[in-house]
Amino acid sequence: MTDLIKLFDPVIGKEEEKAIRDTLYSKFWASGAGTGNVSKFETKFKEYTQSRTCVAVNNGTSALHLALSLIDISGKEVILPSLSFVSTAHAVLYNGGIPVFVDVEPDSLCIDPNAVEKSITEKTKIILPVHFAGMPAALAKIKRLCKDHNLTLIEDAAHAAGSTYKNKMIGSHGDIVCFSFHPVKNLAMPTGGAITLNDGNWKNTEEILKSKRWCGIANRKGVTYDVPRIGWNFYMNEFSAAIGLVQLKKLDLLNSKRRKIAKRYNDEMKIEKKMPYSKDCSYHFYWIRVKHREQFMKKMKENGIETGIHYKPIHQMKYYNKKIKLTNTDIVGNEIVSLPTHPNLSESEISKVIKCVNLFA
Ligand SMILES: Cc1ncc(COP(=O)(O)O)c(C=O)c1O
C-alpha cells in the first residue's frame, strides 16, 4: 500500500519542535498585549513583507474581521470575489456591510477589475480582492479605482504569504492586507493570522488594531488600563508565534519548491484549463479545471492522491443564496480541482500526480 499523497502537508522539523518545547517550559503561553514571540514575529513579518507595520492575530478570519471594522461599512457595499473561502464575505457581514460579489478573470481566477469598476456605486466603501491560490490580483487597476472613487483597498492574502506583485511583496501594496497562517498555509502555525498596514495613518491604525484584538484594552500603565472601544479576543498565542518565526525563515525556500512543482505541472500536464505559471505566485495550491470532476477526483483518490475543491462560490452557499449570474465563477465553481503543491512532495510523487492527471482528466 503506497502512502497517500496529501493535498496539504506542513513542513516541520527540529527547529519547530524546539520552539514548541521552549515556549512550553517558558510557561508564557499567551499575552493579550502581544509581547514575547508575538512581537518578534510582528517585526520579522513586517520586514519580510516590506510593509509599514504588522499586527498579529489568532487567524485569517479575525484579520479580515478586524481590518473591515476599521472602516464604517454599516449599510455600505464591499466589492469582493465569490470564488473564495467564506471568511472573506463573513467579514463584511460581521461589520454590518453588504457584500457585492463580482466575477473573476478566467486565467488568474482573481477578481476581474473591469467587473469591479462596473459594480462601484455611491455606497461602495471597500474593494476586497483575494490573491487566489497565491496568484496576485490585478492590483494596479484596483488601486487606481480606489484612488478615483475614494475607496479603501483591503487585500485577502490568506494564500499569498511570499507572493510578489511588480517586484514588491504582497503585504506592501494595499492600505490593509490580511494573512492567514492556518496549518495548511504556506507559512503554517497551529492557528494564526496577521494584518499589515501601508496607509498614511498606519501608526494610529496599528494602535486601534492592537486594542481591538484584545477586548478593546488600551492606555496600559502598569496594571491599569482603559477600554475606549469594543474589542474581541483575537490575539495570537505564543506557540503559534514561535512556530511562525521558524516557518518565516524558511518561507522563501519552501515557496521556491512550490514554484518548481507548479512549473512542472504547467509544463507537463496536457490538460488545457490549468493554473498559469508565474514567478510572482506562492502556489498555495495548483488548480486545474475538469469537466467530470466527481469521477476524476474518485480516480485520483483510488490512486492515492488527495485533491480538493477550492471553492464552491460563496454566493451559492445556503446562507448567502444570491440569485446572481457570475459567468466565470459559476463555471469554475463546477470544474475546479486543487492539486498538492506542498514542499514535502518527492519528484516521484510529483510525476505520479502529473501522470494521473494526464490519464484521468
Ligand atoms: C481566502 C481565505 N481567506 C480567509 C481565510 C481564513 O483564514 P483562517 O482559516 O486562518 O481563519 C482562508 C482560510 O482558509 C482563506 O483561504
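The values are calculated or read from the model by the stated rules, or taken from the named source; none is laboratory data. For clarity, every value in this text was computed on a predicted model and none was experimentally measured. As a convention, Cβ positions derive from the backbone with ideal geometry for all residues, glycine included, and neighbour counts pool all protein chains shown.
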Next on the checklist: Step by step: first the residues of the stretch 104-114, then only those that are more than 16 Å from His315 (Cα to Cα) and without any contact (Cβ under 8 Å) to a residue 60 or more places away in the chain, then the one that is nearest to the ligand (Cβ to nearest atom). Which residue is that?
Outcome noted: Pro113
Checklist entry - Hey, does the stretch 173-181 have a residue that's among the aromatic types (Phe, Trp, Tyr), in the same structural domain as Val38 (by TED's automatic domain parsing), part of a helix (DSSP H, G or I) and within 11 Å of the ligand (Cβ to nearest atom)? => result no
Item to check | Test set (1) assigned to a helix (DSSP H, G or I); (2) more than 24 Å from Cys110 (Cα to Cα) - Asn334 fails condition number | outcome: (2)
Checklist entry - Mind checking which pairs have a first residue in the stretch 87-103 that is not assigned by TED's automatic domain parsing to the domain that holds Ser180 and a second that is assigned to a strand (DSSP E or B) and acidic (Asp, Glu), Cβ under 8 Å, 6 or more apart or different chains? => result none
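Restricting to the stretch 1-28, what's the tally of residues that are outside any helix (DSSP H, G or I) and under 23 Å from Arg220 (Cβ atoms)?
Within the stretch 1-28, the first condition is being outside any helix (DSSP H, G or I), and the residues that meet it are 1-13, 27-28.
Filter again for under 23 Å from Arg220 (Cβ atoms), leaving 27-28.
Adding up the residues that qualify gives 2.
Conditions tested, residue by residue: (1) within 20 Å of the chain's Cα centre (by Cα); (2) on the phi < 0 side of the Ramachandran plot.
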position: Gly222; (1), (2): no, no
position: Val227; (1), (2): no, yes
position: Leu254; (1), (2): yes, yes
position: Lys257; (1), (2): yes, yes
position: Ala262; (1), (2): yes, yes
position: Glu272; (1), (2): no, yes
position: Arg293; (1), (2): no, yes
Checklist entry - Got a number for residues in the stretch 274-310 being exposed (fewer than 15 other Cβ atoms within 10 Å of the Cβ), within 22 Å of Ile170 (Cβ to Cβ) and polar (S, T, N, Q)? => result 0
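Table: residues versus (1) in a helix (DSSP H, G or I); (2) modelled with pLDDT of 95 or more; (3) more than 25 Å from Ala115 (Cα to Cα); (4) within 16 Å of the ligand (Cβ to nearest atom).
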position	(1), (2), (3), (4)
Lys270	no, yes, yes, no
Tyr277	no, yes, no, no
Ile288	no, yes, no, no
Lys312	no, yes, no, yes
Lys318	no, yes, no, no
Checklist entry - Looking at the stretch 123-133, is at least one residue more than 13 Å from the ligand (Cβ to nearest atom), at pLDDT below 95 and over 22 Å from the mean Cα position of the chain (by Cα)? => result no
Item to check | Filter pass, Leu64 being within 16 Å of the ligand (Cβ to nearest atom), of a type outside the set (Phe, Trp, Tyr) and without any contact (Cβ under 8 Å) to a residue 12 or more places away in the chain | outcome: no
Checklist entry - Would you pick out the residues in the stretch 217-238 that are of a type outside the set (A, V, I, L, M, F, W, C) and within 30 Å of Ala188 (Cβ to Cβ)? => result Gly231, Asn233, Tyr235, Asn237, Glu238
Checklist entry - Could you list, in sequence order, the residues of the stretch 331-361 that are under 22 Å from Lys291 (Cα atoms) and small (Gly, Ala, Ser)? => result Gly333, Ser338, Ala361
Checklist entry - Within the set of pairs 6 or more residues apart or between chains, which connect a residue that is over 14 Å from Phe45 (Cα atoms) and away from the ligand (no atom under 16 Å from the Cβ) inside the stretch 187-206 to a residue that is of a type in the set (A, V, I, L, M, F, W, C) and part of a loop (DSSP other than H, G, I, E, B) with Cβ atoms less than 7 Å apart? => result Thr205/Leu70
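Could you grab me the full set of residues in the stretch 339-361 that are in contact with an Asp or Glu (Cβ under 6 Å, 6 or more places away or on another chain) and either closer than 16 Å to Asp267 by Cβ or part of a helix (DSSP H, G or I) (or both)?
Within the stretch 339-361, Ile354 is the sole residue that qualifies.
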Checklist entry - Quick check, is Arg264 assigned by TED's automatic domain parsing to the domain that holds Tyr277 and either closer than 21 Å to Ala67 by Cα or within 16 Å of the ligand (Cβ to nearest atom) (or both)? => result no
